[in-house]
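Q: One structure, as structure tokens, below. Some questions next.
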Number of protein chains: 2
Amino acid sequence: MAYRRTRLMEERLAGNRERILRATRRLIAEGGFRNAQIAAVAAQAEVSTGTIYRYFPSKAELFVEVLTEAVDHEIEILRDVIAVQTGARAQLEAAVASFVRRALTGPNLAWAFIAEPAEPEVDAERIRGRKRFGDVFKAVLKRGVASGEFPRQDLDAGAACIVGAFTEALVGPIGPSRKTLRDKERLVRAICDFCTRAVSAAA
Amino acid sequence: MAYRRTRLMEERLAGNRERILRATRRLIAEGGFRNAQIAAVAAQAEVSTGTIYRYFPSKAELFVEVLTEAVDHEIEILRDVIAVQTGARAQLEAAVASFVRRALTGPNLAWAFIAEPAEPEVDAERIRGRKRFGDVFKAVLKRGVASGEFPRQDLDAGAACIVGAFTEALVGPIGPSRKTLRDKERLVRAICDFCTRAVSAAA
């Protein structure tokens with residue numbers, strides 16, 4: 001009986017944690033980090049603010065956890081997108097296009113994860129996240145250089161440049177003063193073209 | 001007499017403000033924002049912490065002012081660098097190279113201004129700063145497209161991509177876990193090549 005109660009309690013605890021994270025993500029998707037104050041998260045998750053602080057000592061730590069999970073998820077998607085393409089150039093294009101399209105489809109979430117002014121802890125996690133994205137693109141560049149599709153180049157610099165380029169190009173289009181994009185695919189194409197030309201042989 | 005005292009007082013007040021900003025900048029150059037706590041700034045500027053708060057209601061506001069002045073200064077330098085070059089491609093290369101070299105020469109300052117985890121107010125000012133840098137590069141791209149040096153392209157996306165690329169490529173090399181670069185010019189070249197190829201005609 002003691003064992004069963006413990007397991008039930010653990011399940012309830014894990015359930016609370018998940019519910020808080022899901023509620024936070026939903027609120028961020030609706031209006032960025034500033035829409036996800038602890039009181040709003042508590043209401044959305046149907047727990048007390050005290051319960052939230054039991055799992056996440058600060059709002060910043062809650063946001064960092066949501067951000068880390070989002071990066072995990074985006075990297076999985078990038079890997080899947082890359083896996084079905086043949087050739088480094090096609091992989092690069094598909095990965096950048098996928099990331100940009102997803103950001104334009106969920107602009108509040110993307111704005112929060114990429115650029116919304118936030119706590120220093122969130123900034124630090126963003127730096128780690130961009131580095132992790134960079135590692136994905138570095139592997140693509142490496143394959144492309146090995147196969148001769150791309151010329152020899154500084155892979156670390158190139159990968160960082162790619163991630164910097166497509167994230168910064170999104171800041172205006174996903175930010176709070178964004179205008180409705182008449183043609184999302186045109187922007188997707190512009191950013192993809194920039195990145196693929198950048199790592200290809202010069203004309 | 002009353003008039004003279006007022007003028008002297010104004011001069012002293014302006015002097016204090018300048019001294020605080022200069023002290024903050026020096027401390028940041030030595031060790032980033034985290035090296036520029038209010039107590040350290042007070043000691044360096046030889047004023048009381050109370051005096052600092054009279055001019056800057058919060059540390060974040062002090063940092064934002066230092067950052068804004070730094071962006072003003074860097075933009076002036078970019079404009080000067082661009083002014084002496086003929087042709088958009090040469091202007092683009094010279095501007096990117098100048099920015100990257102300056103960052104590598106003053107890595108703590110560059111780290112703080114570009115990426116060091118900081119208050120939300122600093123994040124917001126960074127977004128504005130990158131937009132201002134983007135405007136400089138957009139003008140170069142526009143001239144290059146007009147002259148036929150560059151193919152037609154989305155100027156806003158291209159300018160943002162350039163700024164995102166060279167700033168993100170610097171994050172590792174100027175960050176706190178940076179290694180000593182054996183060949184700074186190689187990195188300068190890699191980043192310049194990335195940016196110029198990106199906006200030029202495809203091979």
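The values are calculated or read from the model by the stated rules, or taken from the named source; none is laboratory data. Please read all numbers here as calculations on a predicted model, not as lab measurements. When we count neighbours, we look across all protein chains shown, and the Cβ atoms used for this are built from the backbone with ideal geometry, even at glycine.
Q: Please identify the pairs in which a residue from the stretch A:13-29 that is at pLDDT 95 or above has its Cβ atom under 8 Å from the Cβ atom of a residue that is outside any helix (DSSP H, G or I), counting only partners at least 6 apart or on another chain.
A: Between residues of the stretch A:13-29 that are at pLDDT 95 or above and residues that are outside any helix (DSSP H, G or I), the close pairs are A:Arg19/A:Glu46; A:Arg19/A:Val47; A:Ile20/A:Val47; A:Ile20/A:Phe56; A:Thr24/A:Ala36; A:Leu27/A:Ala36; A:Ile28/A:Ala36; A:Ala29/A:Gly106.
Matching residues to (1) within 14 Å of chain A (Cβ to nearest Cβ); (2) closer than 18 Å to B:Cys192 by Cβ:
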{"position": "B:Thr86", "(1), (2)": "no, yes"}
{"position": "B:Ala90", "(1), (2)": "no, yes"}
{"position": "B:Arg102", "(1), (2)": "no, yes"}
{"position": "B:Glu121", "(1), (2)": "yes, no"}
{"position": "B:Arg128", "(1), (2)": "yes, no"}
{"position": "B:Ser147", "(1), (2)": "no, no"}
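Q: I would also like to ask the following. Is there a residue in the stretch B:161-174 that is more than 11 Å from chain A (Cβ to nearest Cβ) and either among the acidic types (Asp, Glu) or more than 21 Å from B:Asp80 (Cα to Cα) (or both)?
A: So far as the stretch B:161-174 goes, yes, one or more of its residues are more than 11 Å from chain A (Cβ to nearest Cβ) and either among the acidic types (Asp, Glu) or more than 21 Å from B:Asp80 (Cα to Cα) (or both).
Q: Additional query: Which members of the stretch B:130-182 meet the condition of being under 18 Å from B:Glu93 (Cβ atoms) and of a type in the set (Asp, Glu)?
A: B:Glu149, the sole residue that qualifies.
Q: Checking the conditions here, which among B:Asp193, B:Asp183, B:Asp154 is facing another protein chain (nearest Cβ under 7 Å), farther than 20 Å from B:Arg79 by Cβ and acidic (Asp, Glu)?
A: B:Asp154
Listed here are the residues, each with its yes/no results for (1) of a type in the set (D, E, K, R); (2) not in a helix (DSSP H, G or I).
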| position | (1), (2) |
| --- | --- |
| A:Pro117 | no, yes |
| A:Gly134 | no, no |
| A:Val145 | no, no |
| A:Ala160 | no, no |
| A:Gly164 | no, no |
| A:Thr180 | no, yes |
| A:Arg189 | yes, no |
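Q: I need the full set of residues from the stretch A:176-199 which are in contact with a helix residue (DSSP H, G or I) (Cβ under 7 Å, 6 or more places away or on another chain), surrounded by 18 or more Cβ atoms within 10 Å (Cβ to Cβ) and not hydrophobic (A, V, I, L, M, F, W, C), in order please.
A: The answer is A:Thr196, A:Arg197.
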